[in-house]
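Structure record follows, encoded as structure tokens.
Computed from the coordinates by the stated procedures, all read-outs in this text should not be read as laboratory data. Since this is a predicted model, take the numbers as computed values, not measurements. Every residue, glycine among them, receives a Cβ derived from its backbone with ideal geometry; neighbour counts consider all protein chains shown.
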Amino acid sequence: MKGPRLPRWLYPGMHLKRWLLVLFFGITVLGLGAAIFLVEYYRGLPDDSFIITITGAGLDRPVRAALVAIGGILLTSVGVWGLMRSIVSPFVTRGDSVLEVLYTKRYLARGPRIVALGGGTGLSTLLRGLKGYSANITAIVTLADDGGSSGRLRQQLGIAPPGDIRNCIAALADAEPLMTQLMQYRFPPGSGLDDHAFGNLFIAAMTAVTGDFEEAVRESNRVLAVRGQVLPATSVPLNLAATLESGRRLVGQASISAADEPIAMVAIEPADVRANAEAIERILEADLVVVGPGSLYSSVLPNLLISDIRDAVAAANGIRAYVCNVATQPGETGFYSAAQHLEALINHVGDGLFDYVLLNDNHDARRPEGWLGQPVQVDVRRLESFEVTIVEEDLVDVTNAHRHDPAKLAAALMRIQQQDRADRPRQRRAVSQPTASAG
């Protein structure tokens, strides 16, 4: 059972309590000086003076002192609160509170440095939970999407697909969920912008204005008040190709997601693409690197198949965690267990990339109507053969067995990060750090 929550102005790192104490101490000293003056003045007044009457001359001194102190505290509190509101109100968004703004700017700014890699709805779900713990979040998003609105803009304008970038910006925005509704709004048929998402058009327009996709994303982070930042994994669109177990080859994320037989391997084209230099820097500086959740072959692996990013994750000093999906995905991982998800990652990018694997142990969530997947089974014996720490927790959205719950997932990752930091200081791994190079 959770205990009562502290008011946010009592949280560590808000930089308020020390100045309030100084203020109260100054007022106390000032009041002491005024009291010395008034005592001398008071003694010279006649007994029937109006001032003596209204100050409670008939009461005992301790009672009079207590009443005066209470009145002083109330007046001081009202004055401080009004002063804070007057100073901060120009920076407060309509509907927010002063303490909410201070909490965001001060407390969350001191949170751990977190990097999340992936794409699709899984990454945006993760970010929606993590932004309650830190403002130092970097989402590194794959650029392999070639379907829907993103695919059409990619073909027509020659820009990187903005869909997953849009989802992450909406998830990290301070104005979420209103920002989510705006960024995800799709224009109706017959409008001339049929089925295009507003967020995709916004990023496309920003790319035209700035002349560069990476700069467009950077400016979008700033303009839309994102808590953290969203970075494209590369500056160029990627093509995803898969080899099926029969030897047949599929090209394109949309085709791979709808594969009708098991996938053997996936690869990116061009294979030698350079990663975003800022993304590499953020990975190396991170306290926590999270890979997943998301579609295993079309969202999670494309980032790790970029050699610069894979090497940066291997060299990172922070904790590296893989979040396994809560449900299988027909077309990609139809009957995969948790161990098979991890084996697929290892087969593509090698062993030793993760310290922790986070798994869901609640399989009682409500299944969506028409859902063709199934809960991912935790095969403990096979998992124990890997050199990773397995953590099982209730992570699923109880109303939808196909999705993680953002709050549960973020809380579990924060517990891992805090417990790991308390148990053992992390030593610099004996892996040469890759040289960050711009795409």
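Values as computed for the structure displayed
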read-out	value
Ranking of Leu342, Leu182, Leu127 by count of other Cβ atoms within 10 Å, fewest first	Leu182, Leu342, Leu127
Vicinal HN-Hα couplings computed from phi for the range 19-30 (Karplus, 6.51 cos²θ - 1.76 cosθ + 1.60; Hz; Gly/Pro x)	6, 5, 5, 4, 4, 5, 5, x, 5, 4, 5, 4
In Hz, Karplus ³J(HN,Hα) per residue of the range 313-328 (6.51, -1.76, 1.60; θ = phi - 60°; x = Gly, Pro)	5, 5, 8, 5, 7, x, 6, 10, 10, 9, 9, 6, 4, 7, 9, 6
Whether the range 107-423 is rounded, prolate or oblate, judged on the alpha carbon gyration tensor where a/c under 1.5 counts as rounded	rounded
Residue exposure sequence - Glu332, Glu219 - by fewest surrounding Cβ within 10 Å	Glu219, Glu332
Order of Trp371, Trp19 - criterion: other Cβ atoms within 10 Å of each residue's Cβ, fewest first	Trp19, Trp371
Spacing of the two label points (7 Å from each Cα toward its C-beta) at Arg382 and Leu244, in nm	2.2 nm
The range 107-423 - charge dipole about Cα centre, Lys and Arg +1 at Cβ, Asp and Glu -1, debye rounded to 20	640 debye
Rounded to whole Hz, the Karplus (6.51, -1.76, 1.60) HN-Hα couplings of the range 265-270, x for glycine and proline	8, 10, 8, 9, 10, x
